[in-house]
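Presented below is the structure to which this report refers.
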Amino acid sequence: MDIFDKISANMGPLGQYGKEAHGYFAFPKLEGEISAKMKFRGKEVLTWSLNNYLGLANHPEVRKADAEAAKEWGLAYPMGARIMSGQTSKHEELESQLAEFVGKEDAYLLNFGYQGMISIIDSLVGRKDVIVYDSESHACILDGLRLHMGKRFVFPHNNMENLRKELERATKLAEKQGGGVLVITEGVFGMAGDLGKLDEIAALKKDFDFRILVDDAHGFGTMGKTGAGTAEHFGVSDKIDLIFSTFAKSMAGIGAFVASNEEVVSYLRYNMRSQIFAKSLPMPMVIGAMKRLELLRTKPELKANLWKIVDALQSGLKAEGFDLGNTQTPVTPVYLNGTVPEATALTMDLRENYNIFCSIVVYPVVPKGQIMLRIIPTAAHTIEDVEYTIKAFAEIAEKLKAGKYVSDKIAQL
């Protein structure tokens with residue numbers, strides 16, 4: 001079969017809805033300044049879909065730093081990959097600050113979180129090494145696993161008993177092959193909002209010889225006493241071997257980093273293909289990231305404001321009988337029962353009649369028959385925003401139960 005003919009016959013589980021969903025349910029355009037309220041299709045909506053946890057996207061000091069850096073340096077400098085001609089003292093300074101903040105010896109900047117995680121896995125393990133990973137790991141981890149030429153074992157999400165069994169299998173195989181074992185999990189699971197059991201995973205080191213890589217994209221800035229992340233939250237920063245995070249969440253920017261001991265970071269610096277063969281992170285993004293990190297470290301009220309909104313939203317939704325799963329973090333999934341057409345009709349009602357914009361998640365991300373409305377609280381939201389949203393959600397839930405959204409087609413304007 002011709003490749004293009006194959007595509008025509010199967011557009012994928014989400015792509016099959018592309019024509020009907022594009023521009024509204026998929027690839028919607030939120031416009032205006034990043035805040036709790038933005039424009040969608042020409043009208044103001046209360047927005048719960050931005051990973052701007054600490055409200056830094058439009059913080060005046062951040063905007064000033066971004067603008068001044070762009071004016072001074074432009075977006076081209078430095079030219080070339082860092083290993084060839086793209087190295088600067090500012091890149092090194094940011095790496096040093098990040099490493100100190102998360103309690104590691106060194107850190108390395110990455111252009112993007114997704115490609116960074118893929119490349120970390122690709123360079124860190126070889127054919128003889130064995131990977132053990134959580135079944136709910138992010139897509140970037142799964143894509144990194146696809147590059148791994150060796151064996152990998154998966155354990156059911158946060159199932160420590162099964163992890164122990166998989167570690168037993170992995171250890172035997174690794175010893176036979178002369179390789180090592182790497183455990184990969186997340187600090188905060190970005191869809192369900194629950195925490196990876198980093199303390200229990202780290203405790204298994206007393207019985208097994210392995211290293212731990214944690215994707216803490218949603219934990220960095222939101223978890224832990226200082227905001228250093230989920231490892232700090234559990235008090236096991238010294239037992240997590242590699243900490244990865246992106247700037248796209250709490251830092252409201254572009255880029256990412258990986259932190260570990262000095263030797264491992266040096267190895268990654270010289271072996272990560274996604275960075276060796278890619279242009280260096282532009283200077284305004286580096287300087288902007290330093291300003292964001294400074295605010296994250298010196299203004300604890302940002303995280304406090306975030307959690308005030310989180311607690312009010314989640315407690316209020318639970319009081320109305322909503323199922324939020326096992327979230328222990330700002331990520332707030334609201335689970336409902338319904339079909340894909342019902343999900344689209346419900347979402348359209350929220351956007352058109354209640355002026356509330358939040359992400360809709362359907363199969364295959366969640367099981368068939370389930371709808372997830374994924375809410376991301378931020379420090380930029382208000383208690384009034386929370387109260388209005390809870391009232392609106394209670395009303396749409398009643399409509400769903402009453403069959404008001406039943407249809408055999410995706411909702412259309």
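Couple of notes before you dig in:
- Scanning segment 360-385 for residues being under 19 Å from residue 15 (Cβ atoms) and of a type in the set (A, V, I, L, M, F, W, C) gives a total of 5.
- Residue 362 being in contact (Cβ under 8 Å) with a residue 40 or more places away in the chain and β-branched (Val, Ile, Thr): no
- Filtering segment 142-163 to residues that are touching a helix residue (DSSP H, G or I) at 6+ places or on another chain (Cβ under 8 Å) and either farther than 19 Å from residue 268 by Cβ or surrounded by 23 or more Cβ atoms within 10 Å (Cβ to Cβ) (or both) leaves 144, 151, 152, 153, 154, 155, 156, 160, 163.
- From 274, 237, residue being touching a helix residue (DSSP H, G or I) at 6+ places or on another chain (Cβ under 6 Å), more than 19 Å from residue 117 (Cβ to Cβ) and among the polar types (S, T, N, Q): 237
- You will find that of 224, 253, the residue that is among the small types (Gly, Ala, Ser), modelled with pLDDT of 95 or more and touching a His at 6+ places or on another chain (Cβ under 9 Å) is 224 and no other.
- In segment 3-31, the residues that are on the phi > 0 side of the Ramachandran plot form Cβ pairs under 8 Å with partners that are exposed (fewer than 13 other Cβ atoms within 10 Å of the Cβ) and among the charged types (D, E, K, R), at six or more places apart or across chains, as follows: 23/29.
- For segment 125-163, the candidate set comprises residues that are acidic (Asp, Glu) and in a helix (DSSP H, G or I); within that set, the residue that is farthest from the chain's Cα centre (by Cα) is 161.
- In segment 238-263, the residue that is nearest to residue 305 (Cα to Cα) out of those that are buried (at least 21 other Cβ atoms within 10 Å of the Cβ) and among the small types (Gly, Ala, Ser) is 250.
- None of 303, 279, 308, 291 is outside any helix (DSSP H, G or I) and not small (Gly, Ala, Ser) except 279.
- The requirement of being part of a strand (DSSP E or B), outside the structural domain of residue 195 (by TED's automatic domain parsing) and over 20 Å from the mean Cα position of the chain (by Cα) is fulfilled nowhere in segment 344-351; no residue meets it.
- Residue in segment 366-393 that is surrounded by the fewest Cβ atoms within 10 Å (Cβ to Cβ), counting only those that are polar (S, T, N, Q) and in a loop (DSSP other than H, G, I, E, B): 382
- Of all the listed residues (274, 280), the sole one being modelled with pLDDT under 95 and farther than 19 Å from residue 104 by Cα is 274.
- Residue in segment 164-181 that is of a type in the set (Lys, Arg), in contact (Cβ under 8 Å) with a residue 12 or more places away in the chain and within 22 Å of residue 124 (Cβ to Cβ) present: yes
- Matching option when the condition is part of a loop (DSSP other than H, G, I, E, B) and more than 27 Å from the chain's Cα centre (by Cα), among 410, 396: 410
- Matching residues in segment 165-213 - criterion: being of a type in the set (S, T, N, Q) and under 28 Å from the mean Cα position of the chain (by Cα): 185
- In summary, strands (runs of 3 or more DSSP E) completely within segment 5-121 and bearing 3 or more residues that are in the same structural domain as residue 190 (by TED's automatic domain parsing) and at pLDDT 95 or above occur at 106-110.
- When each of 170, 217 is tested for being of a type outside the set (S, T, N, Q), part of a helix (DSSP H, G or I) and surrounded by 24 or more Cβ atoms within 10 Å (Cβ to Cβ), the lone residue that passes is 170.
- Residue in segment 315-365 that is surrounded by the fewest Cβ atoms within 10 Å (Cβ to Cβ), counting only those that are closer than 22 Å to residue 40 by Cα and acidic (Asp, Glu): 352
- Restricting 225, 249 to residues that are closer than 18 Å to residue 54 by Cα, over 17 Å from the mean Cα position of the chain (by Cα) and assigned by TED's automatic domain parsing to the domain that holds residue 191 narrows the list to 225.
Yes/no per residue for (1) closer than 18 Å to residue 221 by Cβ; (2) surrounded by 13 or more Cβ atoms within 10 Å (Cβ to Cβ); (3) of a type in the set (A, V, I, L, M):
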{"site": "30", "(1), (2), (3)": "no, yes, yes"}
{"site": "34", "(1), (2), (3)": "yes, yes, yes"}
{"site": "40", "(1), (2), (3)": "no, yes, no"}
{"site": "58", "(1), (2), (3)": "yes, yes, no"}
{"site": "67", "(1), (2), (3)": "no, no, yes"}
{"site": "80", "(1), (2), (3)": "no, no, no"}
{"site": "94", "(1), (2), (3)": "yes, yes, yes"}
{"site": "105", "(1), (2), (3)": "no, yes, no"}
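- Every condition in (1) touching a Ser or Thr at 6+ places or on another chain (Cβ under 8 Å); (2) closer than 19 Å to residue 35 by Cα; (3) modelled with pLDDT of 95 or more is met by residue 373 except one, and the failing one is (2).
The values are calculated or read from the model by the stated rules, or taken from the named source; none is laboratory data. Since the model is a prediction, treat every value here as computed from it, not as a measurement. All Cβ positions, glycine included, derive from the backbone under ideal geometry; neighbour counts span all protein chains shown.
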